[in-house]
1. At 222 nm, what value in deg cm²/dmol follows for the chain if DSSP H runs of at least 4 each add -39500 (n - 2.57) and the sum is divided by all its residues, to the nearest 500?
2. Using the Cα gyration tensor of region 279-338, with a ≥ b ≥ c the square roots of its eigenvalues, what is the shape: rounded (a/c below 1.5), prolate (a/b larger than b/c) or oblate (neither)?
3. Cross-link partners among lysines for Lys308, C-alpha distance below 20 Å, same-chain residues fewer than 8 apart left out?
4. With every protein chain in place, what's the accessible area of Ser126 (1.4 Å probe, Å², nearest 10)?
5. Any idea how far the Cα center of region 192-231 sits from the one of region 288-329, in Å?
6. Short version: ³J(HN,Hα) in whole Hz for each residue of region 283-289, in order, from phi by Karplus 6.51 cos²θ - 1.76 cosθ + 1.60 (θ = phi - 60°), x for Gly and Pro, what are they?
7. Have a look at Ala109, Pro146, Thr203 and report the one farthest towards the positive end of the charge dipole of region 99-227, computed about the Cα centre with Cβ charges (Lys/Arg +1, Asp/Glu -1).
8. When the solvent-accessible surface of protein heavy atoms is calculated with a 1.4 angstrom probe, in what order do Thr494, Thr67 fall, highest first?
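The values are calculated or read from the model by the stated rules, or taken from the named source; none is laboratory data. Not measured: the values here are computed from a predicted model. Positions of Cβ are generated from backbone atoms using ideal geometry, with glycine treated the same way; all protein chains shown enter the neighbour counts. What goes into the accessible areas is simple: the full protein's heavy atoms, side chains included, and nothing from ligands, DNA or RNA. Shrake-Rupley method; radii C 1.70, N 1.55, O 1.52, S 1.80 Å.
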Amino acid sequence: MSSAASSPARKQSKPSFARGLFAGRVDEDLIFPYPRLDGDEAEALDMVLAEFNRFAGDHLHGAEFDTRMEIPQEFIRQLGELGMLGFTVPEEYGGSGFSTGAYCRLMQAICRYCAATATVIGGHQSIGIKGIIMFGSEEQKREFLPRMASGEWIGAYALTEPGSGSDAAAMTTRAVYDEADDVWVLNGSKQWITNGGFSQVFTVFAKTPAEPGTKPTQAISCFLVKRELNGVSTTPPMHKMGIRGSNTVDVVFENVRVPGGHLLGQQGRGFKMAMEILNTGRLSLASGCIGSAREMIDASVKFALERKAFGHAISELEMIRHKFALMMAETYAAEAMVYLTTGLCDRGGLDFSIESAMSKTFAGEVLWRVVNHAVQINGGNGYMSEYPYERFLRDARINMIFEGTNEIMRLYISMTGIRDAAAAATAPSLTRVHRALAAEAEAAAVMTRTFAGAMEQTVARHGKDLPARGYVQERVADAIIDLYALLAVLSRCTARLEAAGEEGAARDITLTRLFARQARDRFERNIALLAGPDDELLTAASEVAYKDGGYRLT
Ligand SMILES: Cc1cc2nc3c(=O)[nH]c(=O)nc-3n(C[C@H](O)[C@H](O)[C@H](O)COP(=O)(O)OP(=O)(O)OC[C@H]3O[C@@H](n4cnc5c(N)ncnc54)[C@H](O)[C@@H]3O)c2cc1C
């Protein structure tokens with residue numbers, strides 16, 4: 001039998017910070033003080049980023065990669081030499097051993113230049129290698145990690161199939177064990193696999209035989225499949241709206257004989273492993289969104305301060321100010337949320353899956369709004385390919401689709417958290433927020449209590465129907481996303497106030513105040529809509545389209 005049985009049993013994760021909010025609890029010890037990289041790691045990261053920015057200035061031609069719809073293998077090899085492809089691989093396996101927090105800051109820096117390059121690195125490191133680091137046996141780690149950390153072997157994560165995307169457990173790829181030869185025989189096909197056209201190692205999820213009555217999610221296993229094996233083939237690269245430099249192909253497995261020793265983790269635990277791998281993948285995706293958003297803000301500010309209209313710099317016009325105000329406050333909040341969550345992740349032993357799903361959802365949608373404002377602020381220039389805005393817009397759109405669509409994120413956030421729903425007798429007291437933010441802290445405490453009470457009512461109102469109540473799931477998720485974002489902003493701004501005093505933190509305070517108001521207003525609206533005043537109308541309106549086969553009104 002294969003070696004999978006030897007991999008260490010996984011420790012049960014503690015409940016997450018966010019699940020406490022569903023019961024009206026704010027575990028301040030988990031979010032204060034605002035997490036920072038430790039001194040040595042921060043210093044090492046600064047050096048890596050300085051070297052990366054030098055390299056990128058000369059070699060990272062995002063617009064050219066976009067036009068060519070390809071990133072040269074030579075460039076990817078250079079990323080390997082720079083240590084970008086083994087950043088989070090433990091040092092004993094040839095990597096740099098950086099934390100998730102440091103890795104996310106690297107992805108943020110890369111996305112200031114090119115989201116396609118970040119997609120190649122993410123497909124390899126965030127999800128292509130991650131399974132081996134998390135679940136690999138010592139043997140597997142020794143065999144795969146050093147060559148993947150150097151970039152000699154590029155990784156890819158193969159879960160999606162033509163018939164199963166969001167509903168991943170409906171996959172049809174199968175693996176059957178051949179005891180005589182100690183191999184698994186793999187058959188099936190995977191769709192839209194990043195790096196699939198040139199990766200040497202695929203992390204593949206497939207159905208394996210299981211006892212009758214086993215849940216589909218417990219009949220999935222994970223395999224490390226080398227491209228060199230007979231029966232592995234890929235399609236030519238696909239043309240896409242954005243991240244055009246990245247490589248996306250379909251992969252076919254025809255009677256591929258996978259050595260027994262390349263079953264990753266325990267048989268039947270593949271679905272859980274697939275989801276746990278995505279928890280960190282979603283964080284690096286989210287931090288990439290922050291990088292692109294900051295780049296769009298910087299470029300647009302430069303234009304708005306110079307561009308004259310009606311005798312004024314357009315930056316002075318209130319409608320333009322309004323856009324910048326939202327871009328700044330939302331990016332500040334998304335950044336606060338992402339790095340609060342990497343802090344939770346790097347603590348170890350905590351379940352950060354809901355927080356990671358919220359970070360991916362919020363940061364992806366913030367970027368979409370920010371880049372859309374940037375295109376508008378730049379007017380015609382925003383639409384022209386000689387400027388970066390239209391490329392950034394096209395690149396940004398994928399963040400709401402891959403690594404779990406934002407609808408699936410909202411479903412996961414709401415349905416996982418609501419299991420802990422319980423009204424709180426009193427509003428939690430936020431004792432660790434700086435006194436300069438007392439009003440915002442009070443608002444967050446009241447929002448937490450309101451949220452917990454509303455969750456208990458929601459369970460009482462919908463009970464077993466909840467899994468089918470998508471309208472409710474959306475509002476629950478949006479309400480807690482705004483609450484978690486506000487708490488992250490309060491933690492970040494408090495740290496700034498403690499470090500620099502009110503004067504030094506004036507900018508943080510301004511953005512915190514604006515975000516707090518906007519988040520509270522959206523939150524209250526979502527809580528009010530939980531009773532479903534519009535739901536019948538929403539369903540009826542969608543039925544008009546379905547019954548008519550589209551928009552047929554004259
Ligand atoms: C450029 C690109 C790169 C990719 N790279 C990879 C990769 O490297 N590895 C990999 O495995 N996959 C990859 N994917 C696949 C990606 O993860 C899937 O496209 C994604 O999970 C969505 O699946 P789908 O496209 O089949 O959409 P569906 O699952 O068919 O969804 C269609 C729509 O229905 C919605 N929907 C579905 N179920 C629900 C529900 N229960 N409630 C509410 N709404 C719902 C979805 O949100 C979506 O809006 C990539 C895709 C792209 C486009």
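1. Numbers: 19 runs with 298 residues, N = 554.
Helices in the chain give a 222 nm mean residue ellipticity of -18000 deg cm²/dmol.
2. Details: a/c = 5.23, a/b = 2.67, b/c = 1.96.
Verdict is prolate for region 279-338.
3. Within the straight-line cut-off, Lys308 pairs with Lys323.
4. Spelled out: Ser126, probe radius 1.4 Å, area about 0 Å².
5. 46
6. 5, 6, 5, 5, 5, x, 4
7. With unit charges placed on the Cβ atoms, the residue in question is Ala109.
8. Numbers: Thr494 5, Thr67 110 Å².
Highest to lowest solvent-accessible surface, that is Thr67, Thr494.
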